[in-house]
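Quick notes on the structure that follows.
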């Protein structure tokens, strides 16, 4: 009974979107209210902890919500000024079919953009609509763009941040002596799972574009692009060729090149394709600036300097012992905002165009903002359930081991599957990311739980493989995360029915991918 009630908010969200075609915004509100109620009245959580968890979750989500908000503004400015159409015309010239466009933009540029910290569910839907894709395909590919490398988004933050937090939690896998080794071992083991996952995402993109016929016609391109993407990541992680933070950038760029030359070699018409001239350069300059800013800002020395510019002025006490350092100048959302300002001077929109862009922006940002914020709040309520504040510090209450919602989900699955726990471990990553809207949050919040479940079932030596599979499951979950779906739908002005249709189309493939991850993990652990 405890297990069913613990996962009830997740089930309500799924049912609301799939069967009742409710928007991600609507179900996030319902899910948050329901989670708060069951946390207080069933899982023995004080109301002040629920409010504190909600506040911390919403603030922790700001890095994503503000990035989404300003990305949408940038896209609307580019659309109103015609810059987006100019880019689309260029893309149409170098990619001849929708399938080629899906793989070139989705597998290649999408992975590159995601690695640089851009938000593809906010950026890509208008691009795909202008390319002639149906709304469901535009939403689908824009969200799937976020997934093929699972854990190497945002300069590999889903790898590096959880690794640092895990060591603070006292997690010490055998053979791992410091944070640096933890990060590299974590990254390498994640890439071992990627070949089948990346290939399946490529096929899923084709399915969104043209159904099974597109998959049959372009299966070689999908197979090879997935292998190039995952293989590049694997080689870099295995031999430590480049910094972990650049794995996604290198893999995405390599896949773009491969896809371009693969399709170019297949066409009979070898007429010259359009050049990247001055007009295209000016239209694409906001994207180019964003890429340059993202690279420079994430140079460790630069990032550290920017993070300390405002010092204690950007540090706020939120709840109990929990504080937040906003690190405004070191976050990608700030530089997206800067690019928005610069794009006004570069693209020179008329007053009418600027007014239209802002009007559309104001109407459409609230859905994604609310959805991301409240799903983060839900994740923290579940993680802090059965905790209490004692002497100003949040600590596990007397019922924590038997009433913490995350603990109940993990331990129930462990008890049910026993030695077959590796088969189900990636699904905890899926659940954590689905609720929290972020693989990073899932990796952080479930680190201690996965450590305890692994040590008691398989031994500490299996933890790094379990944790890597958990991360991959969380990365795959981005394909069905309601907050990302709502974000993509809002960018092109649709919601509800299209959101439900997309999640219904991909939920079983997503579950299958997570199951494949579990099967691979089982083979690794036992054989």
Cα centroid separation - segment 400-479 against segment 290-344, whole Å: 30
Rg/Rh ratio calculated on Cα atoms of segment 421-472 (Kirkwood radius): 0.95
Scaled radius of gyration (Cα, divided by 2.2 N^0.38 Å) that segment 78-203 gives: 1.30
Helical mean residue ellipticity (222 nm; -39500 (n - 2.57) per DSSP H run of 4+; nearest 500) of the chain: -23500 deg cm²/dmol
Alpha-carbon gyration tensor eigenvalues x 5, square-rooted, for segment 411-508, Å: 31, 13, 9
Counting all C-alpha pairs of segment 1-100, share separated by more than 20 Å (%): 63
Centre separation in Å (Cα based) which lies between segment 161-240 and segment 1-50: 31
Sorted peptide list for 222-232, 453-463, 478-488, criterion being average Cβ within 10 angstrom, highest first: 478-488, 222-232, 453-463
Residue 216/residue 281 FRET efficiency (R0 45 Å; Cβ-Cβ; nearest 0.05): 0.75
The chain: angle of helix 463-476 to the longest principal axis, Cα-based, in degrees nearest 10: 50
Overall Cα dimensions of segment 2-526, principal axis frame, Å, largest first: 71, 52, 49
Spin-label pair residue 420/residue 85, simplified geometry with 7 Å Cα→Cβ offset, distance in nm: 5.8
For peptides 377-383, 65-71, 76-82, sequence by mean Cβ density within 10 Å, most packed first: 377-383, 65-71, 76-82
Tilt relative to the chain, helix 8-18 - C-alpha long axis, 0 to 90 degrees, to 10: 20
Extension gain, residue 257 back to residue 172 (0.36 nm per residue minus Cα-Cα distance, nm): 26.6 nm
Fewest-first sequence of 384, 51 by Cβ atoms within 10 Å of each Cβ: 51, 384
Helix 247-266 axis, angle to the chain major axis (alpha carbon atoms, nearest 10°): 40
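Read-outs: derived from the displayed coordinates by stated rules, not from any lab. Since the structure is predicted, the reported quantities are computational estimates derived from the model, not experimental observations. In this analysis, Cβ positions are derived from the backbone assuming ideal geometry, glycine residues included, and neighbour counts consider all displayed protein chains.
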